[in-house]
Amino acid sequence: MPNEYLPQKAVVESIIKETLDTKTFTLRLVDKFERRLRYKPGQFLMLSLPGYGEAPFTFASCPKKDGRFEISVRRVGSLTEALHNLKERDIVGVRGPYGNWFPLDKLKKKDILFIAGGCGIAPLRSLIQYVLKNKRDYGKIEVIYGCRSPKDIFYKEEMKAWEQSKNSAVHLTVDEPDAAWGGACGVVCVLLPKIKVNPKTTMVFLCGPSVMVKFAIRDIVKLGFKEQNIYASLERYMKCGIGKCGHCYVKGKYVCTDGPNFSYAQMKKLGIES
């Protein structure tokens, strides 16, 4: 972007209702000279609406040649409430992409384990899509995903496609099952015995509530996964996205510019193991 403080206009092309309080928006830049946000899986953008403010959202889709990108928004405040009231062809402001990305160079020929809780599946979705799109370059793919209840699960139809992809598996668990639920119950760690990857050579990516990340890392380290091969996408309060406001500063690092993706080895040094 020529001016990192100045939002570009993006048009809402489609809206999908994921859950009672979450929607996925497909966006595309309006400016014909800036048709694509050249981002990589794991990065985020700052999205704004006049009169409501600005907030960070991770890209929930892998980069596409047509310039379209997706974000998933949970309704939790005035800005997200306003976003949920948008309609197709409405305009929003976007800045970015910002932050680092997942270590794509380390993934080739490796098995990959994804562990997500709640809306933490959104940041991982960009990488899952990327890996499945280039499946011949990677080994086995395992996804562990936990939610409060079956009605809170994101991307239900897409997960069926992930499950059907060659050499891939999806494992789901919920805290509060309904009458129709026939799957696992409990925290994501109850699903670890189901995975079939080699801990010594597998890359792990986590995102979700801090307590989930903390205990999931504890358990996978016990299983023999290497600390330098475990990455978490961290969420911290931020207002600028470019290391100026200082809200996400942690021991010499800014989550917005040095992150939001850190290896477990880096997290231990920063004292942010959860």
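Nothing in this text is a laboratory measurement; each read-out follows from the coordinates by a stated rule. Keep in mind that this is a model prediction, so the values were computed, not measured. Virtual Cβ from ideal backbone geometry, glycine too; neighbours counted across all protein chains shown.
Please report, in cubic angstrom per residue, the volume enclosed by the convex hull of the alpha-carbon atoms of segment 8-98.
88
Test of understanding: ordering HIS247, HIS84, HIS171 by Cβ neighbours within 10 Å, fewest first, what list do you get?
Least crowded to most crowded, the residues run HIS247, HIS84, HIS171.
Once you sort the root eigenvalues of the Cα gyration tensor of segment 105-225 as a ≥ b ≥ c, which label holds: rounded (a/c under 1.5), prolate (a/b larger than b/c) or oblate (the other case)?
oblate
If you plug each phi of segment 137-153 into the Karplus form 6.51 cos²θ - 1.76 cosθ + 1.60 with θ = phi - 60°, what whole-Hz ³J(HN,Hα) values come out, in order, with x for Gly and Pro?
Computed from phi, the couplings for segment 137-153 are 8, 10, x, 6, 10, 10, 10, 10, 9, x, 9, 5, 8, x, 6, 9, 6 Hz.
Are there any chymotrypsin sites (Phe, Trp or Tyr not before Pro) in segment 192-269 that are in a DSSP loop and have at most 11 other Cβ atoms within 10 Å? List them by number.
Counting only loop positions with at most 11 other Cβ atoms within 10 Å, the chymotrypsin sites (Phe, Trp or Tyr not before Pro) in segment 192-269 are TYR237.
Go through segment 168-274 and name the trypsin sites (Lys or Arg not before Pro) that are in a DSSP coil and have 10 or fewer other Cβ atoms within 10 Å of their Cβ.
Counting only loop positions with at most 10 other Cβ atoms within 10 Å, the trypsin sites (Lys or Arg not before Pro) in segment 168-274 are LYS196, LYS200, LYS251.
If you take the charge dipole of segment 8-98 about its Cα centre, with +1 on Lys and Arg Cβ and -1 on Asp and Glu Cβ, which of LEU49, VAL76, PHE59 is farthest toward its positive end?
It is PHE59, whose Cα lies furthest towards the positive end.
So how strong a dipole does the chain carry about its Cα centre when Lys and Arg Cβ are +1 and Asp and Glu Cβ are -1, to the nearest 20 debye?
With Lys and Arg at +1 and Asp and Glu at -1, about 940 debye.
Run the simple label-point estimate for LYS200 and ARG136 please: 7 Å along Cα→C-beta, distance reported in nm.
2.9
Only four residue types carry charge here, +1 at the Cβ of Lys and Arg and -1 at the Cβ of Asp and Glu. Report the dipole size of segment 157-267 about the Cα centre in Debye, rounded to the nearest 20.
Once rounded to the nearest 20, the dipole reads 600 debye.
For the chain, divide the Cα radius of gyration by the Kirkwood radius and give the resulting Rg/Rh value with two decimals.
Over the Cα atoms of the chain, Rg/Rh equals 0.95.
For the pairs LYS65/LYS110; LYS133/LYS268; LYS239/LYS268; LYS17/LYS226; LYS87/LYS244; LYS64/LYS251, note any where the Cα-Cα span goes beyond 30 Å.
Exceeds cut-off: LYS133/LYS268; LYS17/LYS226; LYS87/LYS244; LYS64/LYS251.
Show me the trypsin sites (Lys or Arg not before Pro) within segment 16-100 that DSSP assigns to loop and that have at most 12 other Cβ atoms within 10 Å of their Cβ. Please list the in-between numbers first.
Working: sites: LYS17, LYS23, ARG28, LYS32, ARG35, ARG36, ARG38, LYS64, LYS65, ARG68, ARG74, ARG75, LYS87, ARG89, ARG95; in loops: LYS32, ARG35, ARG36, ARG38, LYS64, LYS65, ARG68, ARG75, LYS87, ARG89.
Listed in order of number, the matching sites are LYS32, ARG35, ARG38, LYS65, LYS87, ARG89.
Taking only Cα atoms and a 10 Å spring cutoff, compute GNM fluctuations for the chain and point out the largest among ALA60, ALA179, ALA122.
Maximum among the listed residues: ALA179.
So if I take the centroid of the Cα atoms in segment 44-120 and the same for segment 154-217, what is the distance between those two points in Å?
Distance between centres, Cα-based: 21 Å.
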